[in-house]
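Report on one structure; see the data block that follows.
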Amino acid sequence: MDVLVKLRSQLDTLGLRDVAVSSSDENSPSLALSTLTSMSSDADVMAAIGKVNTHGYDGQSPHRGNDRAPLRTLVTQSNKKFWDSEYGESDATGSSLAESIALDINQMGVSAFVYWQALDSGAWGLIQSNPEDNWIGTPNPKYYVLIQYSRHIRPGMAILSSDDSTNTVVALDASSKLLVVVTVNPGDSASTVMFDLSSFTTAAGPITAWTTETSGTGALHESSKVDCQEHLLARRSQRHR
């Protein structure tokens, strides 16, 4: 851990005080929790870092353990920025990706989610590609799943809590009075989801609905009718994102 202190000191000596040091980019939140717990006992080490990074794996599989919440608590106590700085898997449909994003934002409280390889062969890439052969193919459905989050949940929005941290991410732009709900239907048949908006003073349309089909190419934008009563939003979907 002394290397972090020495790195911070050398950056400062070179006049690079605005360059933050991130740590520790462990493979999983479980390992990140263990490392940060150890680091937290050393004030000099904690002063040297500006951001906590973790990866979202268990080996090469998506992390599904129970350490997101305690890691969030420790990072919050440390008053550091927090990223999932690397995530990837071989599920081309985007189902695993959507669940991981929701869990990382809702339970772990990260402010950034970074996908490992946007361009890669097979199902790992958002877009199928082999840079060594100068070849680029078609997007996997997971590319369009990620767009549901990155295109609509924008920097500066506040993340709101919901009672469905596995499938739903809610974000609010208070200045423009824009509410964004990104939700997942993990089943194989259509379902109706009701969102209770009674915590808001008013809730009204218009509402634009974007739908991503994970069973096909994913390249689908459906502008469908969404029922919006004063404090209730109803959304019926197929097995979509």
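All of the numbers you see were taken from the coordinates with simple rules; none came from a lab. These figures come from a predicted structure and were not determined experimentally. As a convention, Cβ positions derive from the backbone with ideal geometry for all residues, glycine included, and neighbour counts pool all protein chains shown.
Summary table below
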read-out: Amide N proximity, the range 163-188 versus PHE200 label position 7 Å along Cα-to-Cβ, cut-off under 13 Å; value: 170-182
read-out: Mean projected area in nm² (Cα convex hull; one quarter of hull surface) for the chain; value: 15.7
read-out: Share antiparallel - DSSP beta bridges, the chain, percent rounded to 5; value: 60
read-out: Gaussian network model of the chain, springs between alpha carbon atoms under 10 Å - residue of LEU178, LEU71, LEU97 with greatest fluctuation; value: LEU178
read-out: 3J(HN,Hα) from dihedral phi, the range 141-147, Karplus parametrisation 6.51/-1.76/1.60, rounded to Hz, x for glycine, proline; value: x, 4, 4, 6, 5, 4, 4
